[in-house]
Amino acid sequence: MINNIQLGPLTLHVYGIMTAIGYLSAFLISERRGKKMGMDTDILYGIFWCAVLGGSAGSRLLYYIVSFRDILKDPSILWNFQNGWVVYGGIIGGVLASMVYCRYKKADFVRYLDLVIPAVAFAQGCGRIGCFFAGCCYGRETDSIFHIQYWQSEYAPNGVKLIPTQIYSSIGDFALAFLLMAYAKREPKKGKVAAGYGILYSIGRFVIEMFRNDHRGALGALSTSQMISIVILVLGIGGFVLAEKRSA
């Protein structure tokens, strides 16, 4: 799988391209849906930049946390930005930054979260395609016909048949995005779309982690992401129940 595209002196990375496509797609999807719902697109624009900046900071910070021992051995990891971005950190950082922004603007954060969260899932699907080309977030070895074999990856082991966890994740993220948008059309009570994302994404992420084989931190028998998935699942269920009671 090829990640680098050489255009004369310029090198483009498919991972970066897909990340940019994901961000842009998320904004355009949210903007289109927001206009139909009569929501303030200026607020949405601010949330977009909070998600980009807060998400990047959160993603990097969580990577530093789970890689603390490696950083002690090799401090150069701190300023190596070619890898080291953790999805859950990005989600948490983006949500927190957007929450602060909405409070500053006196906007209804939960309502905007319901609006943007399906687009976030779509952006994650794009990002996982980037992971597929880069070779990061790779799966365990397999003899199945459904495998990927890298030859030029800087991250995945080359010449080995691997479970294409990135593709499975991407398919799941896209499916989640369209499922949530379909659910949102039914005009559920405020907070339920976001809670639904938390429930479904955390379950999917917990399962896919069982088939991954890249280094991503662990707490006992569970990976860091699986531990976070359990927390997000509990919060999602709690949020769904609370949304129902609040509007009863």
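Quick notes on this structure:
- Residues of segment 5-26 satisfying the condition of being among the polar types (S, T, N, Q) and in contact (Cβ under 8 Å) with a residue 60 or more places away in the chain: T19, S25
- Tally of residues being assigned to a loop (DSSP other than H, G, I, E, B) and either at pLDDT 95 or above or of a type in the set (A, V, I, L, M, F, W, C) (or both) across segment 197-216: 2
- Leading residue by the ranking (nearest to L179 (Cα to Cα)) among those in segment 197-237 that are buried (at least 20 other Cβ atoms within 10 Å of the Cβ) and among the small types (G, A, S): G198
- Some residue of segment 206-222 being under 12 Å from V87 (Cβ atoms) and out of contact with any Phe, Trp or Tyr (no Cβ under 8 Å at 6 or more places or on another chain): yes
- Of residues in segment 42-65 being surrounded by 15 or more Cβ atoms within 10 Å (Cβ to Cβ) and among the hydroxyl-bearing types (S, T, Y), the one farthest from Q124 (Cα to Cα): Y64
- Residues within segment 13-30 that are closer than 21 Å to Q152 by Cα, aliphatic (A, V, I, L, M) and surrounded by fewer than 18 Cβ atoms within 10 Å (Cβ to Cβ), tallied: 1
- Of all residues in segment 232-248 being touching a residue at least 12 places away in the same chain (Cβ under 8 Å) and of a type in the set (A, V, I, L, M, F, W, C), the one that is nearest to I65 (Cα to Cα): I232
- Exactly one residue out of F178, F174, F240 is assigned to a helix (DSSP H, G or I), out of contact with any Asp or Glu (no Cβ under 9 Å at 6 or more places or on another chain), buried (at least 18 other Cβ atoms within 10 Å of the Cβ) and aromatic (F, W, Y), and it is F240.
- Any helices (runs of 4 or more DSSP H) falling wholly within segment 51-158 and containing at least 1 residues that are among the acidic types (D, E) and either at pLDDT 90 or above or closer than 24 Å to M181 by Cβ (or both): 109-134
- Selection status of K185, surrounded by fewer than 15 Cβ atoms within 10 Å (Cβ to Cβ) and charged (D, E, K, R): yes
The values are calculated or read from the model by the stated rules, or taken from the named source; none is laboratory data. As the structure is a computational prediction, the values presented were derived from the model and not from experiment. Neighbour counts run over all protein chains shown; Cβ positions are idealised from the backbone, glycine included.
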